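Down below is the structure, laid out as structure tokens.
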Amino acid sequence: MQLDTQPAPDFQPQPLPSRPARWLWAWGASLGMFGLVLLFWYGLVTWYRLPPLVLPLPTAVAHTLWQYLIDGSLLPHFGVTLSEILLGFFGGSCLGIGLGSLVAISPFWQRVLSPYIIASQAMPKLALAPIFVIWFGFGIMPKAVIAALIAFFPLFENTLVGLQAVESESIELFRMLGANRWQLFLKLRLPNAVPYLFAGLRVSIVLSVVGAVVGEYVGANKGLGALIIASQGMMDTPLMFAVFVVLTALGMVLYLLVHACERRVMSRRTRIEPVLSREPPTPPYER
Amino acid sequence: MRESTLPHEAEPHETVMDVTTQPIPPKIAVEKIGKRFHNAAAGTRSTRRKQSGTWALQDINFTVSDGEFVVLVGESGCGKTTLLRLIAGLEPPTTGQVRLNDQVVLQPSQEVGFVFQRPVLLPWRTVLDNVLLPTELTHPLPRRADRQASQPARQQALELLALLDLQPFAGHRPQHLSGGMQQRVALARTLMLHPSVLLMDEPFGALDAITREQLNLELLRMWHHGKQTVIFITHDITEAVFLADRVLLMSRRPGTVAAEFLIPLPRPRTLEMRFESEFASLCRAIHQEMGLMRHDEQA
């Protein structure tokens, strides 16, 4: 038997498609899927002759959406809902991070607060919406409170887990270096919790959208949720679907914004930093 | 404690002489140290708890003089790490006490540097910022942006990194470095505060043999330069003999110092020394003693 040390002439490594090509392919497939769903929807309506009250044609939805967009009547509703979402998100996040930190660093407060926090989550928060309407009226406030209550829990949990997921050796290192509790928190626990915080933020921004819209269902005169209820009353199903589209787009954009912040912060943690030194260091002794 | 008879005891190392002839107190004195861990299954009543539990360490006495390099050798599970943690002040002993500079150790001291089994670097900091961590914690800097204020510390950190061949990686993140490099960063970080005592808990145990040899040499180089008092833990007899002025052999059940060996090899040590007969006979003596201990345990 002869051993051939030369590579076989027909063996050529297949070049992988370039990065932009792969990227385009993936996005193209994703868009194509969307097109297929629309096509299926269109087919369903025409095949079964569904009345527009039950399921409007995608073209009808697009038409309604376009009309509402150009005459600007969607904008005030959009603004109200967006401010409810953002208020709720910021309020709930601050509360979640604050209480999570308190419970994580203090065993006393953990014992005092955890029953209440679990109880607050066990109780269905949307059930509180009617009383919030009585307390805070029909304005932005009750919806923001509901959104905050819903957004609170993922951040609380993730803050707690992130702050406590510190290796015991790291804590001992800080103890050996004489760090106080404040330094331990700021320089070890908090930076360690940052990935957990972002995971929590991503969940709670989406939950804030849910909280705001469902809050509007209960009692509101403005907002996208109120518009859905109104369109139900007017039997204007295309309008309802148009609002669904807007809400979905809004949720996606908000999620992507949080995700972009996360990627930015996390990539800062892995990049190589230039080390500026005024003079080249000289070893204190020769080898 | 069994006293060993070694072929080269005619010329003991000078630092060891200090312990016996000088009246000055030793750098570190471990006095009648015992440590008992409570069994989780034991009763909760205090009277029962007092009698239950396992003694991880019992009746350990030894002293380390200033600038001495002592290596603790023992099988895994003999309480080496626990002993080192007691000396560091990370845990209180059940009985006895540890003295550092004639002061009873009650809590960790900044004079003591501890090198852990793993590098324990903070992944969100660059190598340089990891090395600067001790300075940051002990002399809080005004602001991160105010780099000028920290310039001397930065310079010192860069010098330490240069000394350990890590200067090109100062701006990298620790997770991009190999295990040996990470452990060298940990060593540089420990040296930032100029500790007079280094406690090292199998720092090179997880590394491959070649990297470990290199790091042993670098450690000795640092030690010659800084003249720290070192207590080093390992389960590798060759590493122990290579590094040490004195090797303490620990036994298991109860964990105690069973034998002591002086290592009269000349310094600076070189890797070639390991192939000399003197080195080999020292290793053999420790190995035999270890075997005897195991035999006693089983009997």
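The values are calculated or read from the model by the stated rules, or taken from the named source; none is laboratory data. Just so you know, these numbers come straight off a predicted model, no measurement behind them. Cβ atoms come from the backbone with ideal geometry, glycine included; neighbour counts cover every protein chain shown. Just the protein is used for accessible areas: all its heavy atoms, side chains included, with ligands, DNA and RNA removed. Shrake-Rupley method; radii C 1.70, N 1.55, O 1.52, S 1.80 Å.
Quick notes on this structure:
- Between A:Trp135 and B:Lys32, the modelled label-to-label distance comes to 6.4 nm, taking each label 7 Å out from Cα in the direction of the beta carbon.
- Between the beta carbons of B:Asp165 and A:Ala119, assuming R0 = 51 Å, the FRET efficiency works out to 0.35 to the nearest 0.05.
- Spatial offset of the stretch A:88-103 relative to the stretch B:235-252 amounts to 52 Å, using the alpha carbon center of each.
- Rolling a 1.4 Å probe over the protein chains gives B:Glu31 an accessible area of about 60 Å².
- Checking every one of the trypsin sites (Lys or Arg not before Pro) in the stretch B:54-145 against DSSP loop status and a limit of 14 other Cβ atoms within 10 Å picks out B:Arg143, B:Arg144.
- Taking 0.36 nm per residue of separation and subtracting the Cα-Cα distance, full extension of the segment from A:Leu102 to A:Phe244 would add 47.3 nm.
- Hydrophobic, long helices, defined as DSSP H runs whose alpha-carbon span along the helix axis is 20 Å or greater and whose mean Kyte-Doolittle value is at least 0.5, occur in chain A at A:19-48, A:75-105, A:140-164, A:190-218, A:237-268.
- Computed magnitude of the charge dipole of chain A (debye, nearest 20; Cβ of K, R +1, Cβ of D, E -1): 480
- In nm, spacing of pseudo-spin labels at A:Val253 and B:His287 (7 Å Cα→C-beta vector): 7.4
- Cα centroid separation, the stretch B:102-141 to the stretch A:169-240 (Å): 35
- Projecting the Cα positions of A:Trp135, A:Thr159, A:Pro51 onto the charge dipole of the stretch A:1-160 (unit charges on Cβ atoms of Lys, Arg, Asp and Glu, taken about the Cα centre) puts A:Trp135 furthest along the positive direction.
- Per residue Cα convex hull volume in Å³ - calculated over the stretch B:51-104: 98
- With N the number of residues in the protein assembly as shown, Rg(Cα) / (2.2 N^0.38 Å) evaluates to 1.36.
- Here the stretch B:82-236 is treated as a Stokes sphere of Kirkwood radius computed over C-alpha pairs; at 10 °C and 1.306 mPa s its diffusion coefficient rounds to 97 µm²/s.
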